[in-house]
1. Spot the failing condition for Gln100; the list is (1) at pLDDT below 95; (2) in a strand (DSSP E or B), and only one is missed.
2. Inspect the range 170-191 for any residue being closer than 24 Å to Leu18 by Cβ and crowded, with 18+ Cβ neighbours inside 10 Å and give the result as yes or no.
3. Report whether or not Thr69 is loosely packed, with under 14 Cβ neighbours inside 10 Å and part of a helix (DSSP H, G or I).
4. Identify, from the list Ile26, Ile9, the residue that is over 16 Å from Leu158 (Cα atoms), buried (at least 18 other Cβ atoms within 10 Å of the Cβ) and not hydroxyl-bearing (Ser, Thr, Tyr).
5. For the range 192-212, which positions are at negative phi and either of a type in the set (Val, Ile, Thr) or loosely packed, with under 14 Cβ neighbours inside 10 Å (or both)?
6. Name the residue that is farthest from Val126 (Cα to Cα), counting only residues in the range 88-104 that are surrounded by fewer than 21 Cβ atoms within 10 Å (Cβ to Cβ) and either out of contact with any Gly (no Cβ under 7 Å at 6 or more places or on another chain) or of a type in the set (Asp, Glu) (or both).
7. Name the residue, out of Phe184, Phe129, that is in contact (Cβ under 8 Å) with a residue 40 or more places away in the chain, over 22 Å from Glu37 (Cβ atoms) and in contact with a Lys or Arg (Cβ under 6 Å, 6 or more places away or on another chain).
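The values are calculated or read from the model by the stated rules, or taken from the named source; none is laboratory data. Treat the numbers as computed from the prediction; the structure is a model and nothing was measured. Here the Cβ positions follow ideal geometry from the backbone for every residue, glycine too, while neighbour counts run over all protein chains shown.
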Amino acid sequence: MNTPKYKRIMLKLSGESLAGEQGFGIDFDTVNRISKEIKEIIDMGVEVGAVVGGGNIWRGRSSGDMDRTTADYMGMLATCINAMALQSSLEQLGVMTRVQTAIEMKEVAEPYIRRKAVRHLEKGRVVIFAAGTGNPYFSTDTAAALRAAEIEAEVILLAKKVDGVYDSDPNINSNAVKFDKLSFTEVLEKDLKVMDSTASSLCRDNNIPIIVFALDEPGNIKKVLCGENIGTTVGNF
């Protein structure tokens with residue numbers, strides 16, 4: 001099946017997904033592989049917005065020596081580094097890209113303007129949304145949900161290290177059970193950590209489904225986009 005199920009998507013990548021096997025920093029072999037997969041779906045006519053986390057560079061407070069607000073702003077800056085790396089990789093493949101940041105840094109990226117973002121998408125450009133929401137105490141999951149609602153994305157593709165949502169950590173519990181489908185209410189009630197509760201609530205209220213899948217498996221972005229039954233779908237069921 002090579003027919004896209006969705007016309008406009010939000011792709012949420014964790015910062016760790018850009019680190020590859022090294023676990024920290026940016027592994028450009030991994031970034032280039034992800035970029036090739038994004039190019040493949042762009043060539044199919046899909047409009048792609050993307051949000052990248054910053055966990056490969058900054059994980060927030062490791063002790064009580066730093067206040068939460070400062071730590072969160074540092075994390076926002078880390079997402080900008082990742083966004084620029086992804087932009088460079090995509091443009092080397094001939095994919096037109098724009099980075100828009102929630103914190104203004106006009107020398108390296110556009111400020112986030114919803115109408116400009118939508119226009120870029122309509123012109124076939126990948127728009128990478130960086131610096132989260134621009135506010136401390138909100139994660140990049142929440143940024144992905146917020147931007148998805150603003151640009152009217154049909155779905156959030158949530159690329160992770162694991163191949164879906166489980167009732168417990170599959171890396172610890174070999175008997176963990178994977179869900180094929182979940183409602184947002186179940187996710188919130190069971191505290192399943194698909195996204196943080198703010199992001200899950202935003203998606204529920206705006207009827208934006210989330211598909212959680214493994215990014216490590218090559219070709220999975222296209223498979224999910226074309227409706228193959230992999231990962232876990234979360235929605236208003």
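1. (1)
2. No, every residue in the range 170-191 fails to be closer than 24 Å to Leu18 by Cβ and crowded, with 18+ Cβ neighbours inside 10 Å.
3. yes
4. The match here is Ile26.
5. Across the range 192-212, the qualifying residues are Val194, Thr198, Asp205, Ile208, Ile210, Ile211, Val212.
6. Glu104
7. Phe184
Yes/no per residue for (1) more than 29 Å from Ile230 (Cβ to Cβ); (2) of a type outside the set (Ser, Thr, Tyr):
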{"site": "Arg114", "(1), (2)": "yes, yes"}
{"site": "Ala117", "(1), (2)": "no, yes"}
{"site": "Ile128", "(1), (2)": "no, yes"}
{"site": "Thr133", "(1), (2)": "yes, no"}
{"site": "Thr140", "(1), (2)": "no, no"}
{"site": "Ala148", "(1), (2)": "no, yes"}
{"site": "Ala153", "(1), (2)": "no, yes"}
{"site": "Leu158", "(1), (2)": "no, yes"}
